[in-house]
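Read-outs: derived from the displayed coordinates by stated rules, not from any lab. Just so it is clear, the model here is predicted, and its values are computed rather than measured. In this analysis, Cβ positions are derived from the backbone assuming ideal geometry, glycine residues included, and neighbour counts consider all displayed protein chains.
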Amino acid sequence: MVVWLAHGQELLEQAAVEFERAWTRVGDRPLQVLRLWGNAPAELTEMSDGLVVLGLEKAVSAAKSDKRFLAILAARSTLTVFDEAHQIIAPTFQRVVDELTIRHDASLLGLTATPGRTWADVSKDEELSDYFSRQKVMLEIEGYTNPVSALIDQGYLARPLMRTVASEAGMHLSSRDQQVLARSFDIPTAMMADLARDEQWNLKIVQTITELLQEQHRRVLVFAASVSHCRLIASVLSAAGFDAEFVTGESSPRRRSQVISRFKGSGRRPMVLCNYGVLTTGFDAPAASAAVIARPTKSLVLYSQMVGRVIRGPKAGGTDTCEIVTVVNPELPGFGNVAEAFTNWEDVWETA
C-alpha cells in the first residue's frame with residue numbers, strides 16, 4: 001500500500017484522479033483509491049492494497065483523535081509519497097512522515113519542482129536536503145543541462161513570456177519597516193494589507209489584466225495580495241464589464257468548485273479568476289495562458305508555484321506560449337523571472 005501526502009483539496013484530488021487514470025493503462029490488478037481529506041471519515045477499514053491519498057491536516061487531526069491511526073497506516077504501507085516536499089521539514093508534517101516511515105523496509109519519496117525552502121536562508125535549505133540524505137533525482141534529457149528547457153522545446157511546457165511592470169510608489173517604507181522586512185521570511189501581513197489598499201498599484205494591476213484580455217487571452221489567473229484584495233480586483237473588473245470571479249480560503253467548497261469548473265470550461269467568453277492562497281499548487285487549468293502576479297513575495301518557492309499554474313504546453317493540453325506579468329511596487333522586494341529557479345538550490349544537495 002502507498003500513502004500519498006499533500007496539502008489542499010485541489011492537489012489531493014489531482015493526485016487521486018491522475019493515479020486512477022494512469023492505473024487504467026499500466027495497472028496489473030484492481031486497486032482501491034481511498035480519499036482521506038476534508039470531512040471524509042478517517043477510517044482505514046480493510047484497506048490493505050492500494051493508494052491512500054491523505055491530506056496533511058487530516059493526518060494531523062486523525063492522529064490526535066486516534067493514537068493508533070498513523071501506526072496502523074504505517075504497518076500496512078511500504079512507501080510514503082510527500083507532494084510539495086519542500087514543506088516536509090515543518091515540525092508537524094515531519095512528525096507525520098516519521099511515524100509513517102518507521103518500518104525498516106519503508107521508503108520515502110518527495111516530489112517538488114522547487115527543492116529548497118527559501119531564497120536566502122541556506123540553513124533551511126540544508127535542513128531539507130539533509131532530511132532526504134541529499135539524495136535528489138532530477139530528470140536528465142540528452143542535450144540539455146536543464147530539463148525545463150527540454151520540456152519547453154518538446155511542447156510539454158508552454159514557452160513563457162515573462163515581464164515586470166511597476167506601479168508608481170504609492171506606499172513608502174520607514175527605516176523600521178525596512179528592518180522588519182529584512183528580518184522576515186516573507187513580506188509581513190501588515191505590509192501586504194497596506195499595499196492592497198494602494199490605489200496606484202491597484203490601477204496598474206487592473207490595467208495589466210485588461211491589456212491581457214485585449215491580447216486575446218481567454219483565461220487569466222490572478223494571484224492577489226490578500227482576501228480583501230482578491231475581492232477588490234474581481235469587483236472592479238466585473239464593474240467594468242469583464243467576467244471575473246474570485247476564490248479564497250474563505251470560499252465554501254461548493255463555490256470554489258463551481259468557479260474553478262467554469263474557469264476550466266470551454267466557454268468562449270474570456271474569464272479572469274482572482275485567488276488568494278488556494279491555487280498555488282494542484283490547480284490544473286490548461287486553457288489558462290496568462291498569469292498576473294499581484295502578490296509580492298520573498299519566497300522563490302511560492303513565486304515558482306504561481307508561475308507554474310499557466311505553463312502547461314500543447315502536448316499536455318495547454319498552450320504553445322504563456323504570458324506571466326509581475327506587478328511590482330518599487331518599495332518591496334520580489335521576483336520578476338524564475339528562469340533559473342529549477343537549479344537554484346543545487347549547491348545544498350551536493351554530497352560532501
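Annotations
- Modelled label reach - LEU31, point 7 Å along Cα→Cβ, region 75-97 residues with backbone N closer than 20 Å: 75-85
- If you wrap the tightest convex hull around every Cα atom of region 201-278 and split its volume per residue, you get 80 Å³.
- Extension gain (nm, one decimal) between ASP49 and TRP23, 0.36 nm per residue minus Cα-Cα: 8.0 nm
- Given LYS204/LYS264; LYS136/LYS204; LYS264/LYS315; LYS67/LYS136, the pairs whose alpha carbons are separated by over 29 Å: LYS136/LYS204; LYS67/LYS136
- On the basis of the beta-carbon distance and an R0 of 41 Å, ARG159 and ALA90 show a calculated FRET efficiency of 0.75.
- Evaluating 6.51 cos²θ - 1.76 cosθ + 1.60 at θ = phi - 60° for every residue in region 96-113, the Karplus couplings come out as 4, 5, 4, 6, 6, 10, 6, 5, 5, 9, 7, 10, 10, 10, x, 10, 6, 8 Hz, glycine and proline recorded as x.
- Computed over neighbours whose Cβ is under 12 Å from that of THR326, the net charge equals +2, Lys and Arg +1, Asp and Glu -1.
- Highest-first packing order for the peptide set 234-245, 49-60 is 49-60, 234-245, based on the mean count of other beta carbon atoms within 10 Å.
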